[in-house]
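Working notes for the structure below.
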């Protein structure tokens, strides 16, 4: 089997990815590409990254056998990669540590970020505080209202949170606004993108920083059960936690890779955030070519998911490629199914998962039932659900 | 010769500079776009840049973003924009129209179908903001095969070797972005612009337009001293924004005439 080697020089994953930006951004991306090429294999840089992941983030994150939950579900054994135990509560911090260390090496005193639910914003503000970098986070004004506790966390960490009033006032608009800031302040600013989207080299760089998840998982599965899982499942919004755990498994043909998108109110309603599963048209947004939720005029349409972290109209270009070459399979889980899995894990295992990760759990439940007890599913539990208390309480008619 | 080439050649003969106002199609209402285009020409525009509304205009500042949003309220998409230009062409077969927009609406329509439709509508040039030359070679060939000019941006950060790559694919004219940032930013430095334009001239014979910071008659006049064309975007759109349906054409004409006078002085 030919080993997987993507992307090409200009960030293409087959027909996807690339660098689709205004000329004003080209030079900054070229500088970033060159610096990343310089440091991605640099032993000193990698040692510093590994040191911070261990001592600041708390890695390696454990793999936990959800035995009671597996028994309750019936079928395959379900193991959880516990990214929820990381500092700041999700996988996002792996990437922000990597990019912030790169920013420091590039001599950029200011970092900016976009955020939806606020997890990437918090992770960026956190590492910025630790490294003494100025930090500005762009967040859709709708999300600022919905995610007040995370907004406050970012402020506590010394970041400036800028509410974005344009467009649909959500994640995609925050990304547009962060790009506008970057193009205006290129000399002193590093843009820390939170997912495996955006123009090259972001999809590759974010994947590489997140790949620590899969690298650890392969070692840990070997230690715990002496073999690799039959299936690896992760939720996909932009797709960074999924790429992180998938990437080291791509050449392991025996391991099924399954990405779970947000079906929202149901694919048939159009109110979802599942461009891969729904086979949306391919287009260009935020600097790369990928599957995109759009209308017949090519305008990007508003998405819906109960979890703000999956509420994005596009998807990382590498996922688009993995779908086309059939190396990964993409499915979608509705709001209701995710909520059911959320409650089930809380009660059975004493783990409160993030609503994003609950989508992966819900599909694991479905799949496990079709498998035998000697088979193994590994779920990337990408984040903890503390941030979702308000959303969950509201659904139950409770005001906190 | 294409309409764009003819326009620049004629201006050069009479020692004049091209005035290129920008408006967004469908802003404030699609019923007014054609009248606005005719008004701009009457008041002294040599070429018009017409913005194609897009939901995610990443390279634009707040003024032009809002123009897109106002047009999108009326569902003005690429097909409608082409229909408006076709209507404009019924009475004006001389003034070049350059569409400025983003790649996704074009890809949604299909690049070949779009190129045919643009030709049919009487479009002269296309500036696709997020199609750098490396990602748009095939598209540019489709346009050139139909005598439509692919227009490209050059920025203050574009280095010399990259200028070569871009001018090799470009035709019609080159659009030099006079400052770092999004459309409508401040502080155009005329000395720096003059240096850059002079440097670009050593690499291409194409006419050079300057924009992204021309906000009044004074800057327009200064830019006219160094460039072949002056592009006025956010300032025009601001005029649209503060006008009413009744006076938008008159106000745009007054502003255009003022800029024209400053450039010709």
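Tabulated data for the structure shown
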| item | result |
| --- | --- |
| Options B:109, B:58: the member that is within 18 Å of residue A:301 (Cα to Cα), within 12 Å of another protein chain (Cβ to nearest Cβ) and at pLDDT below 95 | B:58 |
| Of all residues making up the range A:325-336, the number that are within 20 Å of the chain's Cα centre (by Cα) and assigned to a helix (DSSP H, G or I) | 1 |
| Condition check for residue B:45: more than 22 Å from residue A:292 (Cβ to Cβ) and in a helix (DSSP H, G or I) | no |
| Residue count, the range B:18-35 (criterion: over 21 Å from residue B:102 (Cα atoms), over 15 Å from the mean Cα position of the chain (by Cα) and touching a residue at least 60 places away in the same chain (Cβ under 8 Å)) | 2 |
| In the range B:2-29, the residues that are more than 18 Å from residue B:63 (Cα to Cα) and touching a helix residue (DSSP H, G or I) at 6+ places or on another chain (Cβ under 7 Å) | B:16, B:17, B:18, B:19 |
| Test for residue B:181: is it surrounded by fewer than 20 Cβ atoms within 10 Å (Cβ to Cβ) and over 14 Å from the mean Cα position of the chain (by Cα) | no |
| Selection count where residues are part of a helix (DSSP H, G or I) and within 10 Å of chain A (Cβ to nearest Cβ), scope the range B:115-151 | 3 |
| Residue satisfying condition, being in a loop (DSSP other than H, G, I, E, B) and either out of contact with any helix residue (DSSP H, G or I) (no Cβ under 8 Å at 6 or more places or on another chain) or more than 14 Å from chain B (Cβ to nearest Cβ) (or both), within set A:263, A:242, A:278, A:234 | A:278 |
| Output for the range A:367-400, where each listed residue is surrounded by 17 or more Cβ atoms within 10 Å (Cβ to Cβ), assigned to a helix (DSSP H, G or I) and more than 18 Å from the chain's Cα centre (by Cα) | A:367, A:368, A:391, A:392 |
| When residues of the range A:1-23 are limited to those that are touching a strand residue (DSSP E or B) at 6+ places or on another chain (Cβ under 6 Å) and within 8 Å of chain B (Cβ to nearest Cβ), the one nearest to residue B:104 (Cα to Cα) | A:20 |
| Residue in the range B:80-96 that is touching a residue at least 24 places away in the same chain (Cβ under 8 Å), in contact with a strand residue (DSSP E or B) (Cβ under 6 Å, 6 or more places away or on another chain) and either in a loop (DSSP other than H, G, I, E, B) or within 12 Å of another protein chain (Cβ to nearest Cβ) (or both) present | no |
| Which numbered condition residue A:157 fails, given (1) surrounded by 22 or more Cβ atoms within 10 Å (Cβ to Cβ); (2) under 29 Å from residue A:107 (Cα atoms); (3) free of Cβ contacts under 8 Å to residues at least 40 places away in the same chain | (1) |
| Residues located in the range A:26-59, provided they are within 10 Å of chain B (Cβ to nearest Cβ) and more than 29 Å from residue A:323 (Cα to Cα) | A:27, A:28, A:31 |
| Enumeration of residues in the range A:288-313 that are touching a strand residue (DSSP E or B) at 6+ places or on another chain (Cβ under 9 Å), part of a loop (DSSP other than H, G, I, E, B) and facing another protein chain (nearest Cβ under 10 Å) | A:292, A:298, A:301, A:313 |
| In the range A:160-181, the residues that are surrounded by 18 or more Cβ atoms within 10 Å (Cβ to Cβ), facing chain B (nearest Cβ under 10 Å) and in contact with a helix residue (DSSP H, G or I) (Cβ under 8 Å, 6 or more places away or on another chain) | A:166, A:167, A:168, A:179 |
| Subset of the range B:153-167 (residues that are within 7 Å of another protein chain (Cβ to nearest Cβ) and closer than 23 Å to residue B:49 by Cα) | B:153, B:154, B:155, B:158 |
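The values are calculated or read from the model by the stated rules, or taken from the named source; none is laboratory data. In this text the structure is predicted, and so the values were computed from the model without any measurement. Note that we place each Cβ from the backbone using ideal geometry, even for glycine, and neighbour counts take in every protein chain shown.
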